[in-house]
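Right, one structure below, let's go through it.
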Amino acid sequence: MTSQRRARARKVIRLAPLLLAGAFVLGVPGVATGEPVKGPDVASWQHPGGSGINWFAVRAAGHNFAMVKATEGLSYVNPYFIQDGIGMRAAGVARGAYHYADVSQSPEAQAAFFAGTAFPIVGGGLPPVLDLEDTKGLPPAAVIDWTHRYLNSVQALTGRQPIIYTYPNFWRTAMANTTEFANYPLWIADYNGQNAPGPLPGGWRDWTFWQYTSTGQIPGVNGNVDLNYYSGRLGSIDNFSNPFGS
């Protein structure tokens, strides 16, 4: 994920876990009841100096899932993607992978690039994720068309309905707040310090994952890391990440 929203996140890491934990217990609208399900998302930035992530320590600290960057555009592969995918599986962390979109390049080719790279490693895990946060200067209509084509291609290649990662201001401006994707699971980045993200853009009524800070600190990961909650609305994290029973 980019660093555009890093500056306002520092206080949220202190507040959001307490606020959201209370919301899960009390049944506040917008979140599921029960214990919050936590997990980081990582990229090459979480491997300073080539250091590894201790996924057993991540799991022991109560993080039950993780997302890892797999690809970007048509040529970039996260050099730590394979070792992180294998490490997550060994530690029993529900694993997901995301593609960082380059909307100036073919969506069908990027879908094939991502699916061919990611699914041999995390194909039995969480649904594929599209990270959409840069228009490359294109107008909303062009980005909306690109997004439809990418999502349709990934779903055809993987048999899974993708998850969309975005943040509210991007969707309301760069995507003209379109409601055409409201049937897709939403992973929303919203560092608001509240007990839930919102109001949600794009006609979404619920969120599936919420990235509530970019400056988290957890055992097993060197330096700052994005932290997220899973809402539980699509079942347990284990069932959601293993639709084929694998």
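Some notes on this structure:
- Among residues that are free of Cβ contacts under 8 Å to residues at least 24 places away in the same chain and surrounded by fewer than 22 Cβ atoms within 10 Å (Cβ to Cβ), residue 195 is not included.
- Filter result (open to solvent by 20 Å² or more (accessible area, probe 1.4 Å) and at negative phi) within the range 169-183: 169, 172, 173, 179, 180, 182, 183
- Subset of the range 51-74 that is open to solvent by 10 Å² or more (accessible area, probe 1.4 Å) and in a loop (DSSP other than H, G, I, E, B) - its residue that is farthest from residue 88 (Cα to Cα): 74
- None of 68, 42, 31 is at pLDDT below 95 and among the hydrophobic types (A, V, I, L, M, F, W, C) except 31.
- For the residues 164, 188, the requirement of being free of Cβ contacts under 8 Å to residues at least 40 places away in the same chain, in contact with a Leu (Cβ under 7 Å, 6 or more places away or on another chain) and closer than 22 Å to residue 88 by Cα singles out 164.
- Test: residue in the range 214-230 that is in contact with a Pro (Cβ under 7 Å, 6 or more places away or on another chain) and exposed (fewer than 15 other Cβ atoms within 10 Å of the Cβ): yes
- Every residue from the range 185-210 that is over 16 Å from residue 175 (Cβ atoms) and of a type in the set (Phe, Trp, Tyr): 191, 207, 209, 210
- When the range 33-50 is filtered for residues that are loosely packed, with under 14 Cβ neighbours inside 10 Å and assigned to a helix (DSSP H, G or I), the ones remaining, listed by number, are 48, 49, 50.
The values are calculated or read from the model by the stated rules, or taken from the named source; none is laboratory data. Just so it is clear, the structure is predicted and the values come from calculations on it, not from any experiment. As a convention, Cβ positions derive from the backbone with ideal geometry for all residues, glycine included, and neighbour counts pool all protein chains shown. For accessibility, only protein heavy atoms count, side chains too; no ligands or nucleic acids. Shrake-Rupley method; radii C 1.70, N 1.55, O 1.52, S 1.80 Å.
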